[in-house]
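**Student:** Sharing a structure, written as structure tokens. Questions coming.
The values are calculated or read from the model by the stated rules, or taken from the named source; none is laboratory data. The structure displayed is predicted, hence computed values, not measured ones. Heads up, the Cβs are rebuilt from the backbone with ideal geometry, glycines too, and the neighbour counts pull from every protein chain shown. Ligands, DNA and RNA are excluded from the accessible area calculation, which covers all protein heavy atoms including side chains. Shrake-Rupley method; radii C 1.70, N 1.55, O 1.52, S 1.80 Å.
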Amino acid sequence: MSTKVVVGAQWGDEAKAKIVDYLAGEADIVARFQGGANAGHTVIVGDRKFVFHQIPVAAMHPDKICVIGNGVALDPVGLIQEIAELEAEGISLEGRLFISPHAHLVMPYHKLLDRLIDESKGKGKIGVTGRGIGPCYRDKAARTGIRAGDLLDHGLFREKLSANLWEKNRILAALYEHEPFDEQPIAEEFMTLGERIVPCLTDVSLYLNRAMTDGKRILFEGAQGTFLDIDHGSYPFVTSSNTTAGGACTGTGVGPTKMDEVIGVVKSYTTRVGSGPLPTQFEGEFQERMRKQWGEYGATTGRGRRCGWFDAVLVRYSARINGLSSLALTRLDSLDELDSIRICVAYEVRGKRIEDFPWQPGLLTECTPIYEEMAGWKTDTSEVRGFDELPDRARDYLGRISALTGPPISIVSVGPERNQTIVVK
Ligand code: IMO
Ligand code: MG
């Protein structure tokens, strides 16, 4: 049996896709278990670059099965578009894309409301990706959502759509002075989309559990990151799903005793896109320079990401919440040119040193990082393929990260290409 869960251990954009793409080489099936088109997962193979939003990045490997679990907020419009884009690149998903009938559908009103609700918050806005994620999960929790399986039955779909529009159109008019949605065009569009989705519908829990019994290797691909988790993240500046390892179980119907490993992906530094505190954020000109140098712009929205030093307080928390077996550290090469490198080891808040991520509302904004400073290695690591060949100072940096956060480091990435990967023995 081999099941691995890959999660982001920071605020998303940890280059999870690079790690999943690499690990997918040793898997038979890759399953997404939460999130939706808010994710932007970039894979680079040779001179080709793909940005995945909903389809598991394993699609890049022509023989791998791609699964979309019940925990995903599925935007069928975006999905069909993504499939078409892949097909245009010669990658077919025919017969190897399975979708849970229990995945909730992102509807046109979810996307509109996502934007309107966030805008109405003014200064307190979350900075959502506008993909309809929050409103879709809101309907799921309210038990009024429409699920992928509902596309099977036109009558039932129509009934649910009608009930939803009754409510949404009133909200749109009363709160946002926005014109209503017409039922007929949405019903027609979704019936057409349904023709493409329905053949992929599969009892995902049954499929994955049988596959495990047959000795198949499964990779669970997380989206977003631990600090965007609806329960454990920096609430309210989070997404609306469980991005942490437990989400792999609830989001696919595979029990926790079936998971062998949980790999937390971290960048060698920290980034955040959207609102909310980032304790180790760089200041002034250095921020601009590093963002540009590192190309830290969102793959989904193109927004500039805020950058900061590696924060061990965060990752220690991630190790605990996810039960991380190991860390996969990406973008080590990004630090190659720096004279000195900082790691945040603890926070200072109201005159006290704290080692653990604070739970008190708003306290994170008051935390100032306590840093350890290390000399940089000032050597190009992008061609290194063995751990022992890394500069001493780079290995010291990795060792310190592991010591401060808990889990061992199993993979180090030194560039976006598949072969720019060091497996730590
Ligand atoms: P990947 O999978 C980084 C952030 C948004 C916003 C908050 C809520 O590429 O790592 P949402 O649209 O989900 O309701 O937005 O979460 N966010 C991400 N940040 N990486 C992502 O995905 C993200 N998906 C959502 O910027 O702050
Ligand atoms: Mg991303």
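**Student:** Any idea how many residues of the stretch 132-190 are in contact with a strand residue (DSSP E or B) (Cβ under 9 Å, 6 or more places away or on another chain) and open to solvent by 80 Å² or more (accessible area, probe 1.4 Å)?
**Tutor:** 2
**Student:** Could you give me the residue pairs with C-beta distances under 6 Å whose first residue belongs to the stretch 295-307 and is closer than 13 Å to GLY127 by Cα, whose second residue is of a type in the set (S, T, N, Q) and within 12 Å of ligand 2 (Cβ to nearest atom) wherever it lies, and which are 6+ apart or on separate chains?
**Tutor:** THR300/THR129; THR301/THR129; ARG305/THR271
**Student:** Okay, next question. In the stretch 366-398, what residues are surrounded by fewer than 12 Cβ atoms within 10 Å (Cβ to Cβ) and under 21 Å from ALA9 (Cα atoms)?
**Tutor:** Across the stretch 366-398, the qualifying residue is only THR368.
**Student:** For the stretch 113-126, how many residues are at pLDDT below 95 and either in the same structural domain as SER234 (by TED's automatic domain parsing) or outside any helix (DSSP H, G or I) (or both)?
**Tutor:** The qualifying residues number 0.
**Student:** Residue by residue through the stretch 321-341, note down the ones that are assigned to a strand (DSSP E or B) and either on the phi > 0 side of the Ramachandran plot or in contact with a Gly (Cβ under 9 Å, 6 or more places away or on another chain) (or both).
**Tutor:** Residues satisfying the conditions are SER326, LEU327, ALA328, SER340, ILE341.
**Student:** Is it true that VAL265 is surrounded by 17 or more Cβ atoms within 10 Å (Cβ to Cβ) and assigned to a loop (DSSP other than H, G, I, E, B)? Walk me through it before giving the result.
**Tutor:** Working: surrounded by 17 or more Cβ atoms within 10 Å (Cβ to Cβ): yes; assigned to a loop (DSSP other than H, G, I, E, B): no.
Spelling it out, it is not the case that VAL265 is surrounded by 17 or more Cβ atoms within 10 Å (Cβ to Cβ) and assigned to a loop (DSSP other than H, G, I, E, B).
**Student:** Just a yes or no: is a residue in the stretch 21-34 of a type outside the set (D, E, K, R), touching a residue at least 60 places away in the same chain (Cβ under 8 Å) and under 24 Å from GLY308 (Cβ atoms)?
**Tutor:** no
Conditions tested, residue by residue: (1) open to solvent by 50 Å² or more (accessible area, probe 1.4 Å); (2) aromatic (Phe, Trp, Tyr).
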residue: ARG272; (1), (2): no, no
residue: PRO277; (1), (2): no, no
residue: PHE282; (1), (2): no, yes
residue: ARG289; (1), (2): yes, no
residue: PHE310; (1), (2): no, yes
residue: GLY351; (1), (2): yes, no
residue: ILE354; (1), (2): no, no
residue: PRO361; (1), (2): yes, no
